[in-house]
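The values are calculated or read from the model by the stated rules, or taken from the named source; none is laboratory data. Keep in mind it's a predicted model, so treat the numbers as computed, not measured. Glycine gets a Cβ as well: all are built from the backbone with ideal geometry, and neighbour counts include every protein chain shown.
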Amino acid sequence: MATYDQLTEWAGPGHVTRAGWDVVAGWRIPDFMKAQLAEVGIPAAPRLIERVVMQSEADPVLLTSRGLLYRLTEQVDPDEAEERSSFGVEPETGAVYFVMPDGEAWFANSSVEVWLDVLHCYGSRVTASQLLSEPDGPEEYLSEEEEERAFAELSRLAEALKEIDPAAFKGYEGFLWPGLLDRWLY
């Protein structure tokens, strides 16, 4: 299980946000998931999580194609401010979804714990990689050889994420991780 210290190791100090117990106390998710949000926190992650914006309401407020979720993060397209995507957690189950600007919810991970483990694996590998950590996107700068190495890195990353949460790779459409990794260089 990922720890706060492990997340801050790659995300950097000040880039992991822990929930206040008062914020998650009324959420209808398992108690151990509330503890993870409060004790471990959520990291800012390259190309994925710009800001952690946990809702304070006891009832879910993020309207999605799956119904209402508890908001965990928010990503704003710098070119189109109304284009907001978010991560949200489903009441009762604790499954985590990536919510597109139109409200379509894509399955990310089967629980908050697994999501944090996947974010740790993803973030630590992307920030350590010279090929994957380009701030404006590696696709504009890669030679054919570098592109092949980047594809190999992405393939290894996908395998590592799949090992952590096989349910996140049971499909393509409506699943965050396969689509995100597949489209990385396109």
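Side notes on the structure shown:
- Flag for residue 67 being of a type in the set (Gly, Ala, Ser) and under 13 Å from the mean Cα position of the chain (by Cα): no
- Residue match in the stretch 153-164 (condition: at pLDDT below 90 and over 30 Å from residue 32 (Cα atoms)): no
- Condition broken by residue 25, with the remaining ones in (1) aliphatic (A, V, I, L, M); (2) closer than 20 Å to residue 5 by Cα; (3) more than 17 Å from the chain's Cα centre (by Cα) satisfied: (2)
- Qualifying residue in the stretch 118-138 (condition: touching a Gly at 6+ places or on another chain (Cβ under 9 Å), surrounded by 17 or more Cβ atoms within 10 Å (Cβ to Cβ) and either within 16 Å of residue 177 (Cβ to Cβ) or at pLDDT below 90 (or both)): no
Let's see how each residue does on (1) in contact with an Asp or Glu (Cβ under 8 Å, 6 or more places away or on another chain); (2) closer than 22 Å to residue 167 by Cβ:
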| residue | (1), (2) |
| --- | --- |
| 30 | no, yes |
| 39 | no, no |
| 46 | no, no |
| 53 | yes, no |
| 63 | no, no |
| 75 | yes, no |
| 104 | no, yes |
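- Among residues of the stretch 30-62 being over 22 Å from residue 6 (Cβ atoms) and within 18 Å of the chain's Cα centre (by Cα), the one that is modelled with the lowest pLDDT is 53.
- Subset of the stretch 18-46 [touching a helix residue (DSSP H, G or I) at 6+ places or on another chain (Cβ under 8 Å), under 17 Å from residue 109 (Cα atoms) and of a type outside the set (A, V, I, L, M, F, W, C)]: 34, 36, 41, 43
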